[in-house]
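Step one of this worksheet: look at the structure below.
The values are calculated or read from the model by the stated rules, or taken from the named source; none is laboratory data. All values derive from a computational prediction rather than experimental measurement. Protein only, heavy atoms only, side chains kept; ligands, DNA and RNA dropped before computing areas. Shrake-Rupley method; radii C 1.70, N 1.55, O 1.52, S 1.80 Å.
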Amino acid sequence: MSKSQHWYDRDGKAVFEVPKAKGGGMRATTIADARKLGLYPSVTTVLGVLDKPQLMDWKLAQVSNWCHGNPPQDQEGVDSYARRATEGAFQQVSDAADLGTAIHAALEAHFKGEQVPEEYDAYVQPVAALIEREGIKLMEHELRLVNTSDGYAGTTDAVFTDSIGFNGILDFKSRKTKPGVLCEPWETEPMQIAAYTRAKFGPDHYMTVGANVYISTTEPGRIEIVTYDDGQLH
């Protein structure tokens, strides 16, 4: 699983890589580079330092499940097997991340009036129907936000106005769902919305709202929305 950190400059330009000192090419930006260049960490980078017991339990379960179905090969050493188990267990995570990125791109294209690949219609059309049904008007897409006073930045999926006229931040999340089990926000997801809200609307962001739209990758057509009011965001 990727442990890369994302950094932005004061203008919101992504600086995820910097030139290598020798040999040419690029390398991932480090915290030392960020200090030198005066960069801001992304919201997800900041939230990445938090302890996440549920996430750790899930990771351990993935490795355990993979090992159960894939015993060591003849004379395979412990270190070799451990590396193979980790790579095998989290390949699905990489595949899911790729699909999530593609769904986000398709949604952005749709709401900008651009052509959407046919294979993503099953994800895009239910979202479009939900947005219309909820009376949500998307105002800006893939917006880079920088909070210089608190020292962070990031990219939000959309700025929106709800049916009452309140402004807010909306984020799409692809999620593997199970029939009959509600989508509940992970601990850091409303935190992410709150951080983007503060960056966009300022520290006194009264009468603002937030929303996560969950798009199932295991139950085509299933969409759920979770909203946050001003008090929750504060």
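Looking only at Leu170, Leu107, Leu182, which one moves most when the chain is put into a Gaussian network model with springs between Cα atoms under 10 Å?
Between Leu170, Leu107, Leu182, it is Leu182 that shows the largest mean-square fluctuation.
Choose one answer from Ile31, Ile223, Ile169: the residue with the largest mean-square fluctuation in a GNM of the chain with alpha-carbon springs under 10 Å.
Ranking Ile31, Ile223, Ile169 by mean-square fluctuation puts Ile31 first.
As a test of the formula, what do you get for the chain when each DSSP H run with n ≥ 4 contributes -39,500 (n - 2.57) and the sum is divided by the residue count, at 222 nm and rounded to the nearest 500 deg cm²/dmol?
Dividing the helical sum by the residues of the chain leaves -12000 deg cm²/dmol.
How much accessible surface area, in Å² rounded to 10, belongs to the heavy atoms of His110 with a 1.4 Å probe?
My reading of the accessible area for His110 is about 60 Å².
Which order do you get for Tyr196, Tyr206 if you rank them by accessible area with a 1.4 Å probe, largest at the top?
Tyr206, Tyr196
Which label belongs to the value computed from this structure, given these candidates for semi-axes √(5λ) of the Cα gyration tensor in Å: (i) 32, 26, 18; (ii) 33, 20, 15; (iii) 25, 22, 18?
(i)
Going down the list Lys52/Lys173; Lys20/Lys200; Lys20/Lys59; Lys173/Lys200; Lys59/Lys200, which pairs span over 28 Å between their C-alpha atoms?
Correct reply: Lys20/Lys200; Lys20/Lys59; Lys59/Lys200.
Which of the lysines could a cross-linker bridge to Lys22, judged by Cα under 23 Å and excluding same-chain residues fewer than eight apart?
Within the straight-line limit of under 23 Å, Lys22 reaches these lysines: Lys36.
For the chain, which whole-number percentage of the solvent-accessible area (1.4 Å probe, protein heavy atoms only) is attributable to carbon and sulfur atoms?
On the chain, the fraction of accessible area on carbon and sulfur atoms equals 52 percent.
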